[in-house]
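Encoded as structure tokens, the structure appears first; notes follow it.
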Amino acid sequence: MKIYSVNECTRLLAGRMKKDYIFSHVAVRGTISSVHTHFSGVTYFTLLGEESRLFCVIGRMGSSFLTRNLMSGMEATVIGDIRFNTLSGWPSLFVERVMDIHKSRNQEEKEDMVKELEREGYFDPLRKKGLPSFPFHIGIISSESGAVVHDIVKTAGLRNPCVRFTLYSTSVQGEEAARAMADKIREACRAEDKPDILILARGGGAEDDLSPFNDRILLDAIHESSIPLISAVGHETDTTLSDLTADRRASTPTQAAEIAIPERAVWLSLLRDRIRELEEGRKSCFLSKKQEIADMLISMKEHTSPKGLQDLRREIQSQVLLLDRKKEMQLKSRYRSVLESLMSLQKWSSGHGN
């Protein structure tokens, strides 16, 4: 048996397909997806069928006029030669003509759904929930396989090691993915130990691979979530309806961690500011009350006998002492919770450096 090198094998396949007339001047109809023009001028896109896809290429010379109406979601008939691409390792349709472009049924249904979602306020910025300033518990809705979860946890750990995570593992691709992700969002919202923030994440992929993130089932769950949710789907150039429905959108899963979790230095600074504000507020409150009492004594001096004034002074002094004790107890309780967080962060900082 002869053993071929990779180059010999690809050249053999390319040669056989080039000689076979059945692969020449082929007309194929399908739905256009993932249109991308390279800086060299060559345009690439995928032609989708019900169960398969065909990679298509438009050369630099043809890109200027063949791509005018070439948009994802449109249905078209393309004509060209099918050749084995030795660089990519799979067959490609080298397009010579593009005919009969119109909106696909899926594209029309998506546009109708978008209009309905807009009317119902799914994309309204005024309805978005704000993110908590000090999240200590992050829920991640993603697949446990792959690098997405690792990237989020690693980035978050560098920003603040006190944050903990709960992974709601689910499929993020395929026919059942939208329902599975929606169920995980609702599970997190029902949890006794609710996360402070949810991150819905997956890595990049082909445009049609992201279709679960445009499914109404998932969009309803995002909109109804009682927990603020960040959508981090695909790469920076990918935008899904989940991104528009979520409370915040991140271009990548790593950026989602940066949006959700402030850096440790910011936390320490804010805690110090809160302690200072509490102290200043306590002093201001006591000074204001004492001044009010002094003003009352001055105004009542002319209308009260010396003995009555002395009795009143004792009563007021007693009330001031009682007020001081109550305020001190409230402030000590508030100080304790703030200082515990501050000491925890400072202890970690002294052990690992700033």
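The values are calculated or read from the model by the stated rules, or taken from the named source; none is laboratory data. This is a predicted model, so every value here is computed, not measured. Heads up, the Cβs are rebuilt from the backbone with ideal geometry, glycines too, and the neighbour counts pull from every protein chain shown. The protein model used for the area step is the full one, side chains on, heavy atoms only, and it has no ligands, DNA or RNA in it. Shrake-Rupley method; radii C 1.70, N 1.55, O 1.52, S 1.80 Å.
Taking the C-alpha atoms only, the angle from helix 6-19 to the longest principal axis of the chain is near 60 degrees. Assuming a ≥ b ≥ c are the square roots of the Cα gyration tensor eigenvalues, decide whether region 134-239 counts as rounded (a/c under 1.5), prolate (otherwise, with a/b larger than b/c) or oblate. Verdict is oblate for region 134-239.
With a simple spin-label model that places each label point 7 Å from the Cα along the Cα-to-Cβ direction, the separation between K129 and Q330 comes to 3.0 nm.
Averaged over residues, the count of other Cβ atoms within 10 Å places the peptides 159-169, 49-59, 240-250, 11-21 in the sequence 240-250, 159-169, 49-59, 11-21, highest first. Averaged over residues, the count of other Cβ atoms within 10 Å places the peptides 1-8, 179-186 in the sequence 179-186, 1-8, highest first. Counting 0.36 nm for each residue step from R282 to I3 and taking away their Cα separation leaves a gain of 91.9 nm. With the convex hull constructed from alpha-carbon coordinates only, region 110-189 shows a mean projected area of 7.1 nm² over all directions.
Per-residue SASA remark: T37, around 80 Å² accessible (1.4 Å probe; ligands, DNA and RNA not included).
Pairing the Cα long axis of helix 148-159 with the longest principal axis of the chain, what angle in degrees results, from 0 to 90 and rounded to the nearest 10? Taking Cα atoms only, the helix is inclined about 30 degrees. Against the longest alpha carbon principal axis of the chain, how many degrees, from 0 to 90 and to the nearest 10, is the axis of helix 264-300 turned? Approximately 30 degrees, to the nearest ten. Of all beta bridges that DSSP places with both ends in the chain, some 60 percent have antiparallel geometry. Shape class for region 218-276: oblate, because the ratio a/c of the largest to smallest gyration tensor axis (alpha-carbon atoms, square roots of eigenvalues) is 1.5 or more and b/c is at least a/b.
So how much slack lies between K18 and H150, counting 0.36 nm per residue of separation and subtracting their Cα-Cα distance, in nm? Result for the pair: 43.0 nm of gain on full extension.
Taking 30 Å as the limit for the C-alpha separation, the pairs K129/K290; K128/K154; K128/K283; K110/K184; K115/K194 exceed it in the case of K129/K290; K128/K283; K115/K194. Listed values for region 74-88 are Karplus-derived 3J(HN,Hα) couplings in whole Hz (6.51 cos²θ - 1.76 cosθ + 1.60, θ = phi - 60°), namely 7, 9, 8, 10, 10, 10, x, 9, 8, 10, 7, 7, 5, 7, 7, and x replaces Gly and Pro. Just going by the charge dipole of region 24-159, with Lys and Arg at +1 and Asp and Glu at -1 on Cβ, which of I32, V148, C56 is farthest out on the positive end? It is V148, whose Cα lies furthest towards the positive end. Taken one residue at a time, the phi angles of region 25-39 give Karplus couplings (6.51, -1.76, 1.60, θ = phi - 60°) of 6, 8, 9, 10, 10, x, 9, 6, 8, 6, 6, 8, 9, 6, 4 Hz. Gly and Pro are set to x.
Shape call for the chain from the C-alpha gyration tensor, a ≥ b ≥ c root eigenvalues: rounded (a/c under 1.5), prolate (a/b greater than b/c) or oblate? Prolate shape, in that a/c is at least 1.5 and a/b is the bigger ratio.
Taking one quarter of the surface of the convex hull spanned by the alpha-carbon atoms of region 37-105 gives a direction-averaged projected area of 4.9 nm². For the chain, the relative contact order comes to 11 percent (Cα pairs under 8 Å, sequence separation of at least 6). Extension gain for C162 to S318 (0.36 nm times residue separation, less C-alpha to C-alpha distance): 51.7 nm. Remark on region 5-122: hydrodynamic radius 15.7 angstrom, per the Kirkwood mean of 1/r across alpha carbon pairs.
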